[in-house]
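The values are calculated or read from the model by the stated rules, or taken from the named source; none is laboratory data. Please read all numbers here as calculations on a predicted model, not as lab measurements. To get the accessible areas, we keep the full protein, side chains included, count just its heavy atoms, and leave off ligands, DNA and RNA. Shrake-Rupley method; radii C 1.70, N 1.55, O 1.52, S 1.80 Å.
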Amino acid sequence: MRLHRTLGPAVALLLAAAGACGGPPAPAARRQAVVGGVPEPASPAVGAILPVAPTCGEPAEASPILCTGTLIAPRVVLTAAHCVENVDAPQLLSVVFAPEPARALTAERVRAIEGRLHPAWSAGAHDVGVLILAEDAPVAPVPLSLSALPADVVGRTTRVVGFGVDEQGRMGSRRSGTARVTAVHEETFSISAAPGMSCGGDSGGPSFLEFDGAERLVGVTSYGDLACTTGTNMRVDAHAAFVQAILDEVAVAPPTRPPFDPRVDACTAPCRSHADCPMGMACVTGTGGGKSCAVAGLEAGRFGAVCTGPDGERLCVKAGDACRLWLPCTEETSGGGCAVARGRGGTAGRSGAGRFAALLALAVFLSGRSRRPSSRR
């Protein structure tokens, strides 16, 4: 209930939609945050991964924290694969590089442009992914270490960092805690609270270990027990080839998007993938089967007049620095796009909100659901 009171109506709708579709497990199965830890104003490269509501009137400060990630290059954030497993989700996400996301400056909020996950990812295995940012982050990255874990790592202390609700019920700030390495496997290592432990909202967050005279990023938070006393981290060294290939690719040719222009009738401008659409928009299939760009999370359509709130069934959405009505495409055209409904009635606005709810509910779902007895973080 706390989430529904503190989040905006669109995000509350997302959580309701998640429950209607099978949704997150009961509260007892959901993770909390770094428990037994302390506030972490340092570690600036560790950011909170949040959804971006497309409708005007939804403040960025109200967005729920879904996962945590670590900046390892100016435009690459390392996180868990289950945080980016849906190809549509990154179009709705941003990474906030601030100790308290709700108080972050605009410059500290960076939109994601693309998500990648390990090709062999499955529940509990190869749970490593990245978010590629639309622009350079405002902080310095943590260098990726290719060094293997030290032979004497079992019994040593690791530092976990993440965002979320702590054991006192507080949420929304970066926290860190110390845990002890209890076992090492080919692709993972296990930790136990000493006294800190990662928990919900910390998925994808880093685990740091000091060796060779420096603190190194050695793990990515994946899952653990429901009581937040033990956890499993993906080994960075075991997945270095996957991550390094993306770092090399982005360094040579950073992903780009077409310039944003709300005057363009997206209904008559076909697209093949999200990369064909401006930032904040996604390539979606219209009612006639053709694909066109839409505000991320909504159905195919085009921007209408400047607005300050919804107009009947039509949503008022963010369009750069302004707000405009979103006019859904409802009729197929010969050009493969769609035509805009001219009437003021109908259910276009509801279906647009419904699509956003379905997509972002999936993102919210990522941090809480489990495919095994242990819970994702």
Distance in Å, no decimals, from the C-alpha centre of the range 85-155 to the one of the range 60-78 is 6 Å
Residue order for GLU215, GLU108 - accessible surface, 1.4 angstrom probe, largest first: GLU215, GLU108
Using the Karplus curve 6.51 cos²θ - 1.76 cosθ + 1.60 with θ = phi - 60°, work out ³J(HN,Hα) for each residue of the range 183-198 in order, rounded to whole Hz, and write x for Gly and Pro. 6, 10, 10, 4, 10, 9, 9, 9, 9, 10, 4, 7, x, x, 6, 5
Provide SER122, SER190 ordered by accessible surface of protein heavy atoms (probe 1.4 Å), highest first. SER122, SER190
Hey, how many Å between the Cα centroid of the range 263-291 and the Cα centroid of the range 236-259? 25 Å
Give the ranking of ARG111, ARG263 by solvent-accessible surface, highest area first, calculated with a 1.4 Å probe. ARG263, ARG111
Could you report the accessible area of ASP276 in Å², rounded to 10, computed with a 1.4 Å probe on the protein chains as they sit in the structure? 60 Å²
What does the C-alpha gyration tensor say about the overall shape of the range 188-297? Classify as rounded when a/c is under 1.5, otherwise prolate if a/b is larger than b/c, or oblate. prolate
Kindly provide the Kirkwood hydrodynamic radius of the range 172-244 in Å, to one decimal, from all pairs of distinct alpha carbon atoms. 12.6 Å
